[in-house]
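The values are calculated or read from the model by the stated rules, or taken from the named source; none is laboratory data. Nothing here was measured: the structure is a model prediction, and the numbers come from that model. We place every Cβ from the backbone using ideal geometry, glycine too, and count neighbours over all the protein chains shown.
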Amino acid sequence: MRAAQAARPAGAGLADVQRRRVAQLAAAGLSNREIAQNLFVTARTVEGHLTHACQKLASTSREQLPAALTPCEGGAAAPPPEFR
């Protein structure tokens, strides 16, 4: 295990995982309400995750998310398999 991972408290990356799922689903064209229903969270939680994801990805709109989520090595952003 890397030192940075060992120093993190358990569950520290959970918000980032959830934020990425929200961003992927938004990039796939789902509405905030649809995302909230799929992830069993509130629409307000989805809004917060999208706000933080856009800030981290330097995106100013939902339309920019697919390009921002595309890996540097190539390939397209896709929702997690459980939501396809």
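Scan the range 21-37 residue by residue and report those that are surrounded by fewer than 18 Cβ atoms within 10 Å (Cβ to Cβ) and either in a helix (DSSP H, G or I) or hydroxyl-bearing (Ser, Thr, Tyr) (or both). Walk me through it before giving the result.
Let us first name the residues in the range 21-37 that are surrounded by fewer than 18 Cβ atoms within 10 Å (Cβ to Cβ), namely 29, 31, 33-34, 37.
Once the filter is applied, which keeps residues that are surrounded by fewer than 18 Cβ atoms within 10 Å (Cβ to Cβ) and either in a helix (DSSP H, G or I) or hydroxyl-bearing (Ser, Thr, Tyr) (or both), the range 21-37 yields Ser31, Arg33, Glu34, Gln37.
Inspect all residues belonging to the range 2-17 and state whether any of them is at pLDDT below 95, surrounded by 15 or more Cβ atoms within 10 Å (Cβ to Cβ) and assigned to a helix (DSSP H, G or I).
Restricting attention to the range 2-17, the residues satisfying the condition of being at pLDDT below 95 are 2-17.
Applying the additional criterion that residues be surrounded by 15 or more Cβ atoms within 10 Å (Cβ to Cβ) yields none.
Within the range 2-17, not a single residue is at pLDDT below 95, surrounded by 15 or more Cβ atoms within 10 Å (Cβ to Cβ) and assigned to a helix (DSSP H, G or I).
Within the range 38-84, track down each residue that is in a loop (DSSP other than H, G, I, E, B), at pLDDT 85 or above, in contact with a helix residue (DSSP H, G or I) (Cβ under 9 Å, 6 or more places away or on another chain) and closer than 18 Å to Ala15 by Cβ.
Restricting attention to the range 38-84, the residues satisfying the condition of being in a loop (DSSP other than H, G, I, E, B) are 40-42, 58-61, 70-80, 84.
Cutting the leftovers down to at pLDDT 85 or above gives us 40-42, 58-61.
If we keep only those that are in contact with a helix residue (DSSP H, G or I) (Cβ under 9 Å, 6 or more places away or on another chain) as well, we get 41-42, 58-61.
Correct list: Val41, Thr42, Ser59.
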